Amino acid sequence: MRIPELIALKRDKKELNDDQIVFLIESISNNKMQAEQIGAFLMATYINGMSTKETTKLTESMRDSGIKFEWGNKQLVVDKHSTGGVGDKISIPLAPTLAAIGLKVPMIAGRGLEHTGGTIDKLESINGFKTKLKPKEITEIVNKVGCVITTQTEEMIPADRILYAIRDLTSTVASLPLITASIISKKAAEGISSLVLDVKVGSAAFMKDIESATRLAKSMVETGSQMGINTTALLTEMDNPLGFMSGNALEIIESINILKGNGPDDCKELIICQGAELLLNSGWTTENEAKNKIETCLKNGSALKKFKEMIIAQGVEENFAENICNEPEILINSCKYKSQLFADKSGYVTSINAMDIAQFILDNGGGRTVREQSINHNIGVELHVKITDFIDKNKPWATIYYDDEIDVSKQLKHCITISEKPIEKKSRILKRIT
């Protein structure tokens with residue numbers, strides 16, 4: 001087989017067979033395919049797409065390009081993935097909650113780019129937390145604690161690292177088969193039996209409308225299922241920030257509060273519903289039983305205990321871990337400035353623009369525009385109201401956290417929309433796809 005001939009087949013809208021796809025991925029992984037050829041292949045795929053059969057083989061080949069984890073009782077090994085949003089910290093409390101119930105969660109997570117915050121960045125606001133673990137360390141922590149949250153290791157999915165970097169350079173990131181293969185190959189390499197996908201929909205999401213989000217969700221569910229993973233997708237709203245807190249350290253604070261049985265209703269809704277999907281796939285008999293089990297673990301302290309065990313296992317000093325679990329607010333003590341924001345009028349909150357909040361965080365150093373960029377974990381926005389709440393113009397609707405002097409009067413001025421009439425409270429969950 002010759003690489004130019006295979007690129008030409010995809011260019012001409014032909015379907016690649018299994019052997020051809022395996023050859024391409026092996027060539028990429030072994031550095032036998034030039035960057036220009038990879039870019040041409042990606043663009044041909046972006047323009048002409050792939051069948052479900054092609055996408056599944058691409059995903060399997062990417063998974064097989066590196067190491068794969070294996071576990072004793074695979075049915076109990078699960079994970080979740082979110083396509084990313086503003087204030088989306090769900091993975092952080094969900095993983096230890098599932099571990100407290102008895103599941104195993106070997107979560108490979110990523111860093112943030114542009115307006116979406118990364119789970120790894122958030123956890124690195126905890127001093128000492130190690131996110132770059134060796135495969136042996138991941139295995140030991142999962143077997144001992146029940147969960148781990150770490151970055152992709154050098155030994156995992158080398159094909160994905162190469163492809164992702166070139167997708168970014170060639171404007172082919174938005175290809176459904178390439179997104180699907182990138183996400184599902186990493187999850188498949190974890191050795192999981194069940195996966196729940198949180199596909200964000202809205203103005204601050206990668207997918208702006210239900211139709212495009214549904215196409216992506218179906219692609220990932222079909223591919224995951226073809227590879228033997230029980231896969232479910234929940235489409236969830238991302239026009240408004242999730243929870244009260246957005247920003248790295250602030251989201252750890254809110255995650256710990258959720259693990260104490262508190263926290264905002266929209267976050268708890270997603271934790272309970274996503275967790276229930278995984279429990280049902282792992283042998284729990286009814287949805288109510290699964291949801292009650294998750295709520296119990298959040299309320300009785302067992303989920304918080306697992307979180308503490310996990311961060312200690314990943315390098316956090318034991319006394320510090322105890323302190324932040326008791327008083328998580330200490331994580332933001334080093335922030336230089338805090339300012340309150342007030343609305344021009346009283347009324348009912350009808351929307352809070354998630355993209356405006358994300359842009360504030362990004363502009364003040366709390367996010368990154370290139371992958372190598374360092375970030376300031378202190379930067380963030382704490383909301384004091386949510387959609388449907390009544391707001392008094394004499395009381396602050398948000399507190400902003402920042403480390404460089406700024407003109408506070410101009411910050412997020414048009415972020416909040418207020419109406420004289422109340423609006424109906426709605427679920428974050430828009431659709432379920434199996």
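No value in this document is a laboratory result; all are computed from the given coordinates. Because the structure is predicted, anything quoted here is derived from the model rather than measured. Counting neighbours? That spans all protein chains shown, and the Cβs are built from the backbone with ideal geometry, glycine included.
Side notes on the structure shown:
- Highest average packing first - 371-381, 169-179, Cβ atoms within 10 Å: 371-381, 169-179
- Proportion of all alpha-carbon pairs of region 314-434 beyond 17 Å (%): 66 percent
- Among beta bridges that DSSP assigns inside the chain, antiparallel share in %, nearest 5: 55 percent
- When the chain is described by a simple charge dipole with +1 on each Lys and Arg Cβ and -1 on each Asp and Glu Cβ, the residue from 147, 232, 87 located farthest towards its positive end is 232.
- Annotation for region 181-215 versus region 325-402: alpha-carbon center distance of 26 Å.
- Computed log10 I(q)/I(0) for region 261-307 at 0.17, 0.18, 0.25, 0.32 Å⁻¹: -0.46, -0.52, -0.92, -1.17, from the Debye equation with unit scatterers placed on every C-alpha and solvent omitted.
- Ordering of 241-248, 96-103, 226-233 by burial proxy (mean other Cβ atoms within 10 Å per residue, highest first): 241-248, 96-103, 226-233
- Region 25-138: Cα Rg divided by the 2.2 N^0.38 Å rule of thumb: 1.32
- Qualifying lysines (Cα of each under 20 Å from Cα of residue 32; at least 8 residues distant if same chain): 10, 57
- Among 78-90, 197-209, the peptide with the highest mean count of other Cβ atoms within 10 Å heads the list, and the full ranking is 78-90, 197-209.
- Environment charge of residue 106, counting only residues whose C-beta is closer than 10 Å and scoring Lys/Arg +1, Asp/Glu -1: 0
- The charge dipole of the chain, taken about the Cα centre with unit charges on the Cβ atoms of Lys, Arg (+1) and Asp, Glu (-1), comes to about 580 debye, rounded to the nearest 20.
- Rg followed by Dmax, in Å, when region 3-49 is reduced to its Cα trace: 9.8, 26
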